[in-house]
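Only one structure is covered here, and it is reproduced in the block below.
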Amino acid sequence: MLALLVTVSIWAAFALSARALSASTLLPADAALLRFGVPLLVLLPALWRRRQRIASVRPGPAVKIVCGAGVPFFLAAMHGGALTSAAFVGSIVPGMVPLFVSALMAARGHGLPRGTQRAGLALIAAGVTALVWRHLVPVDTDVLAGTGTLLAASGLWALYTVGLREADLDPVGSIGLLCLPSFAVIGLLVLTGLLPTGLAHAAGSDIALFLVVQGLGVGLCAGLLYAVAIRRLGAERSAAVGSLSPVLVVLLAVPLLGEAPTPAVLAGVPLITAGVVLAHRRAGGRPPAPDPAPSPAPEVSAHA
């Protein structure tokens, strides 16, 4: 339970950092370098021992993992957070994953959701609608564009979830498969000038914050701790507690970011949370884990 609570806190911290990035001295590329570089540095000996297993992963699952939780997902989540709020990031990115995963499974011939799962997906859709409804009249182009970007990030995370289920790797190997090509891509984009960087002139406090939250927290600890929680508590209980991450984001955003919850947030977040709980219930079987998860996703998380 302790591992699970720490994981939920990390997922919440991811959503908060996505919103806080626009007010820091770091640029998205800087945060990405920390996100993918720190886990590689810490796990380097363990990853070297797993190099053959990582290299043997089939191209299909490998592409899903790298694209689904790598640079495209990270930049989409950061950009969406800059245009919306921490509550949007913490709710939409992990909350929509079950719906996108169900759509992917249905497209592959695994059937449509039934019973409580179907009700859960309907609640998730209703919750997201409640979040964005007041921004339709009058039209708030920034929030709507940010919401679309966060939905794309959630869809990418669902792709990552499916890829993890197909890849025969332990949590450490999965982290290596994700971080190595992602760090190489972001490094190449920075070196060629396609993505600007301000890391050399950033405030030390900002670097330390994102190093701890993104590099050590999201990049390293969340996946490992969530795997421990699932082994000890089971996937359904872990997913249910993990669904409280959006609520924690809303509560923490008030003192940390000064974001007072609006009526739309107070209506949408509980609907999404209840929907995620129902969507992960499966009679007589083990439900898919929400991630991350992202920290907003197989049986290992990574919201985030």
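Some notes on this structure:
- Cα coordinate range in segment 165-232, projected on the principal axes (Å, largest first): 44, 27, 12
- The residues packed around Leu5, meaning those with a beta-carbon under 13 Å from its beta-carbon, carry a net charge of +2 if Lys and Arg are +1 and Asp and Glu are -1.
- Rounded if a/c under 1.5, otherwise prolate or oblate - segment 144-267, Cα gyration tensor axes: oblate
- For Thr25, nonlocal amide neighbours, meaning residues 5 or more places apart or on other chains whose placed amide H falls under 5 Å from its own, are Ala203.
- Note that segment 2-279 shows a convex hull volume over its alpha carbon atoms of 135 Å³ per residue.
- Whole-Hz ³J(HN,Hα) from phi, Karplus 6.51 cos²θ - 1.76 cosθ + 1.60, for segment 273-278, glycine and proline x: 4, 4, x, 5, 4, 5
- Here the contact order of segment 2-279, divided by its residue count and restricted to Cα pairs under 8 Å and six or more residues apart, works out to 42 percent.
- Scalar couplings 3J(HN,Hα) for segment 217-231, obtained by applying the Karplus form with A = 6.51, B = -1.76, C = 1.60 to θ = phi - 60°, are x, 5, x, 10, 6, 4, x, 5, 5, 5, 5, 4, 4, 5, 5 Hz; x denotes Gly and Pro.
- Highest mean first, the peptides 217-228, 43-54 sorted by other C-beta atoms within 10 Å per residue fall in the order 217-228, 43-54.
- Tail beyond 25 Å, pair distance distribution of segment 6-151 (Cα, percent): 42
- Computed packing ranks the peptides 115-121, 241-247, 86-92 as 86-92, 241-247, 115-121, most packed first, by mean other Cβ atoms within 10 Å.
- Averaged over residues, the count of other Cβ atoms within 10 Å places the peptides 75-84, 177-186, 260-269 in the sequence 75-84, 177-186, 260-269, highest first.
Read-outs throughout are calculated quantities, based only on the coordinates presented, and are distinct from any laboratory measurement. Worth saying up front: this structure is predicted, and the values here are computed from it rather than measured. We place every Cβ from the backbone using ideal geometry, glycine too, and count neighbours over all the protein chains shown.
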